[in-house]
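K.L.:
Input: one structure, supplied below.
The values are calculated or read from the model by the stated rules, or taken from the named source; none is laboratory data. No experiment lies behind these values; they were computed from the predicted model shown. Quick reminder, even Gly has a Cβ in these numbers, built from the backbone with ideal geometry, and neighbours come from all protein chains shown.
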Amino acid sequence: MDEISSVKVENQFIGKNYIIYVGDCCQIIKGIPDDSVHYQLHSPPFSQLYIYSDSISDMGNCKDDDEFFDHYKFLIPELYRILVPGRLCSVHCKDLVDYKGSSGRAGLRDFSGKIIEAFEASGFKYHSRVTIWKDPVIEMQRTKSQGLLHKQVKNDSTMSRQGLPDYILTFRKWPENGDTSGPEPVCRPDGFDKYIGDKPIEFKGGTYDSISVWQQYASPVWFDINQTDVLNTKLCRSEDDEKHICPLQLGVIERAIHLWTLPNDIVFTPFAGIGSELYGALKQERKAIGIELKHEYAEFANKFCSQVDINKQLQLFA
């Protein structure tokens, strides 16, 4: 992994197997070579729902979905360009809520559908969707949504709705020559082993073999994701910090990287945050490149990533 010198980088953190660039992802990504990244995983700002900073380069600083996608569409073609042909890009998202007070009519917005439309318009092919189960009681307690309150069943249950899951939408960059596999396919002659990095795969019931692991991964709904298994965000708050942090669970990251990459592959995220995707990649012997707009977040991402290297060095002498 080489340092980027052709574009403006505010700062950078370099470890043994990772690089974190600080700055605008739409600008910095232009310095990454064509067809050089093996897998991409990111959680974009959910339109104007969460504001992470007051920077004009922050995609969360927008008035509506249309303005968000105007900005997001500058990034998507670059994601396509740097991806190795035949490999995949995964996007963590969910549908968004409209409230009567702000939108005139209460309901949902098909944010995931708009992401699919935007990626396919840039050359990607929609590959798969994983639904990540979320506890509706926890959502009700957090959001106080009228549609999730039990009393609404008594008042008018036409207003009642189900809780909102997360999705992992995955897109494929098909080789231009028409081949079904790219130059670097993810081949496992012996199938899956029992470990993600140095951690045994959590599997409930059945025979523990490659087929059982695949059946777990192939399920369209992942019911077994621990919602609290995230990097520590409490340390990342500052006076002018965001209104909300929406971390992607480490279990989702680990499973996606385990399924769709091989050791030494390069995993890329344009919204590195505090480094969840980078951390998950390094834990599995992959290399990682991330871009983060906020310097405070990038510093914490560097700390988490460097801790992986330290732990591995200690294991060698254990």
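K.L.:
Got at least one residue in segment 284-299 being hydroxyl-bearing (Ser, Thr, Tyr) and either surrounded by fewer than 17 Cβ atoms within 10 Å (Cβ to Cβ) or at pLDDT 95 or above (or both)? Explain how you work it out, then say what you get.
P.N.:
So in segment 284-299, the residues hydroxyl-bearing (Ser, Thr, Tyr) come out as 297.
Applying the additional criterion that residues be either surrounded by fewer than 17 Cβ atoms within 10 Å (Cβ to Cβ) or at pLDDT 95 or above (or both) yields none.
No, the conditions are met nowhere in segment 284-299.
K.L.:
Within segment 78-124, which residues are among the aromatic types (Phe, Trp, Tyr) and modelled with pLDDT under 95? If you could, list the steps in order and put the result at the bottom.
P.N.:
Step one: list which residues in segment 78-124 are among the aromatic types (Phe, Trp, Tyr), which gives 80, 99, 111, 119, 124.
If the condition is that a residue be among the aromatic types (Phe, Trp, Tyr) and modelled with pLDDT under 95, then TYR99, PHE111 are the ones that fit.
K.L.:
Anything in segment 228-278 that is in contact with a helix residue (DSSP H, G or I) (Cβ under 9 Å, 6 or more places away or on another chain), hydroxyl-bearing (Ser, Thr, Tyr) and modelled with pLDDT of 85 or more? List them, or say none.
P.N.:
Passing the criteria: THR261, THR269, SER276.
K.L.:
Here's something else I'd like to know. Within the group MET159, MET140, which residue is in contact (Cβ under 8 Å) with a residue 40 or more places away in the chain and either polar (S, T, N, Q) or more than 30 Å from ASP34 (Cα to Cα) (or both)?
P.N.:
Values: MET140 fails: in contact (Cβ under 8 Å) with a residue 40 or more places away in the chain.
Unique residue meeting the criteria: MET159.
K.L.:
Moving on. What are the residue pairs meeting all of these: first residue in segment 211-225, first residue small (Gly, Ala, Ser), second residue not in a helix (DSSP H, G or I), Cβ atoms under 7 Å, and 6 or more apart or on different chains?
P.N.:
SER212/PHE203; SER212/GLY206
K.L.:
Here are the criteria: (1) modelled with pLDDT of 95 or more; (2) in contact with a Ser or Thr (Cβ under 6 Å, 6 or more places away or on another chain); (3) surrounded by fewer than 20 Cβ atoms within 10 Å (Cβ to Cβ). Tell me which single one ASP65 does not satisfy.
P.N.:
The single condition ASP65 does not satisfy is (1).
K.L.:
Another question about this same structure. Is there a residue in segment 23-36 that is at pLDDT below 60, in a loop (DSSP other than H, G, I, E, B) and under 18 Å from ALA301 (Cβ atoms)? First the steps, then the outcome.
P.N.:
Let us first name the residues in segment 23-36 that are at pLDDT below 60, namely none.
No; the residues of segment 23-36 include none that is at pLDDT below 60, in a loop (DSSP other than H, G, I, E, B) and under 18 Å from ALA301 (Cβ atoms).
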